[in-house]
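Okay, so here's the structure we're looking at.
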Amino acid sequence: MKKIFLKLGKQPLANSFLQNLRKKTLNREFFYNLNVCFDSKNYLVSISKPVNPRSQYTNKYAHRASESKTMREAFKKIAKKLNNKFKPKIIMEIGSNDGVFLKNFTRKKVIAIEPCKNLAEITKNKFKTYDEFWNLKLANKILKKQKKKVDLIFSANTVSHIPNLDQTFLGIKKVLSKNGILVIEDPSLFEVIKNNSYDQFYDEHVYVFSTIAIDKLVKKYDLRLFHVENISTHGGSNRYYICKNNANFKRTKGLNNVFKKELNYKLNKFSTFNKFSSRVKKSKNDLIKLLTKLKKFNKKIISYGATYKSTTVFNYCRLNNKFIEYVTDTTKNKQGKFTPGTHIPIISPDVGINNTVDYAFLGAWNFKKEILNKEKNYLKSGGKFITHIPKIKII
Ligand code: JHZ
């Protein structure tokens, strides 16, 4: 049974950066209620009423997976590891974004699936790209065209975005070869609860998976989870290794250990999520208190990284440009726009990061290491960062 444990209020689409603040644009802004629930039957944590994917994954999709050095290196490393270990003949990625993972393979071997047309356009002339939503129909179409099944299906930060799990996994089961493997990376529920990273909940993250939930889920489709790796990307994610029931892979000790860890942490109990919800409320109050105090002292506060995650924080905590003067982001197609719902201007860090700034809220807290390394001059000149993960703190 599904039960709501977290109410993050009225939220816009995390990706709906505004071109301007004209009345017409503002009147058209779409909001929905962001409520998160736990299903005690299958251990799935999900948004109670997901938004229609066709309004999310459009030809204006902003996120570029290759924008951070951390992610470029992480994708290169896992591509090499999977290639060496499993020697796949055909590789397919569901949600290939700007091709940051697939570009590490021989072009002829890869198939890219990317419904956002502006992103698919980037990879189209490099490798076979289907600019369509992943589902059973597309799986059948690909199989008909390729004639061969796929040995490695990779999908990072995508399966958690698709409301219809049946279509996702029926399609995967269809194209996966007999001893093929499916590798999925998505934010880890364990890390979200542990780090109080409630901003991992926004319209696109329809699900935040745990290992115990994935294990149950894939069984429905005659698939089997045989291994999991806890990885550091995106503030703590899991990399799940899944195969067909009769494939040659053995369940690993590592998987059993993660299972134990999650059950000890009670990721199968509603009470865990209820307690988390109280900590989220405290995080909101503490952040507002700190920013109000700094503003009283006339401090200049900005935000670092126009992340989708900060859409949740800003709208939940009602932070507008009275608190945050502007947001900096390296992504060209976010610059010159305004944050969804809270309408804070987004500018390039080349202009926005300087010695007039007193505090920068770490919207991209998942790249803390990379950013602190990059912004040594800002820190040296007395600039400080504020983070809300795991607790409100000045760095
Ligand atoms: P980042 C997106 O979420 C959306 P977001 C999506 N739904 C998802 O699941 C995750 O990614 C994986 C900028 N930046 O990656 C670049 C700097 O400006 O945390 C990005 O716009 N300077 C698909 O948006 C943003 O910050 C820097 O030095 O929450 C980071 O966004 C660095 C390192 C990044 O994901």
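The values are calculated or read from the model by the stated rules, or taken from the named source; none is laboratory data. Predicted model only: the values in this text are computed from it and were never measured. Reconstructed Cβ throughout: ideal geometry from the backbone, glycine too, with neighbour counts over all protein chains shown. Ligands, DNA and RNA are stripped out before the accessible areas are found, and what is left, the full protein with its side chains, is counted by its heavy atoms. Shrake-Rupley method; radii C 1.70, N 1.55, O 1.52, S 1.80 Å.
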Please list the radius of gyration and Dmax for the chain, considering alpha-carbon atoms only, with Å as the unit.
21.1, 67
Surpassing 31 Å at the alpha-carbon level, of the pairs K117/K250; K250/K281; K194/K216; K77/K275, are K117/K250; K250/K281; K77/K275
Would you check the accessible area of V208, probe 1.4 Å, heavy atoms only, in square angstrom rounded to 10?
0 Å²
Go ahead and estimate [θ] at 222 nm for the chain from helices alone: -39,500 (n - 2.57) per DSSP H run with n ≥ 4, summed, over the residue count, rounded to 500.
-10000 deg cm²/dmol
Taking a ≥ b ≥ c as the square roots of the Cα gyration tensor eigenvalues, with a/c under 1.5 meaning rounded and otherwise prolate when a/b beats b/c or oblate if not, region 333-395 comes out oblate
Per-peptide average of other Cβ atoms within 10 Å, ordering 141-151, 4-14 highest first:
4-14, 141-151
Let me know the volume per residue of the alpha-carbon convex hull for region 76-201, in Å³.
120 Å³
Dipole of region 267-395 [Lys/Arg +1, Asp/Glu -1 at C-beta], most positive-end residue of N366, N320, V280:
V280
For region 258-267, in order, what is each residue's ³J(HN,Hα) by Karplus, 6.51 cos²θ - 1.76 cosθ + 1.60 with θ = phi - 60°, in whole Hz (x at glycine and Pro)?
5, 4, 4, 4, 5, 6, 4, 7, 6, 6
Compute the orientation-averaged projected area for region 1-109 from the convex hull of its Cα atoms and round it to one decimal in nm².
10.5 nm²
How much accessible area per residue does the chain have, in Å², with a 1.4 Å probe?
47 Å²
Stokes-Einstein diffusion coefficient of region 50-126, Kirkwood radius over Cα pairs, 25 °C, 0.890 mPa s, in µm²/s
184 µm²/s
I'd like the accessible area for R72, computed on protein heavy atoms only with a 1.4 Å probe and all protein chains in place. Round to 10 Å², please.
100 Å²
Given K296/K337; K322/K380; K7/K334; K41/K266, the pairs whose alpha carbons are separated by over 19 Å:
K296/K337; K322/K380; K7/K334
Place the peptides 301-312, 57-68 in order of packing, highest mean first, counting for every residue the other Cβ atoms within 10 Å and averaging per peptide.
301-312, 57-68
Expected output is a single nm value to one decimal: the length gained when fully extending between K281 and F249, i.e. 0.36 nm times separation in residues minus the C-alpha distance. What is it?
7.2 nm
For region 127-178, what log10 I(q)/I(0) values come out of the Debye formula at q = 0.18 1/Å, with one point per alpha carbon and no solvent?
-0.57
Where nothing but the Cβ of Lys and Arg (+1) and of Asp and Glu (-1) is charged, how large is the charge dipole of region 235-325 around its Cα centre, in debye to the nearest 20?
280 debye
Sort all Cα-Cα distances of region 192-332 into consecutive 5 angstrom bins from zero, then give the percent of pairs in each bin up to the one containing the longest distance.
2, 8, 14, 17, 16, 12, 10, 9, 6, 4, 2, 1, 0, 0
Using a probe of 1.4 angstrom, how much of the accessible area of the chain is carbon and sulfur, in percent?
51 percent
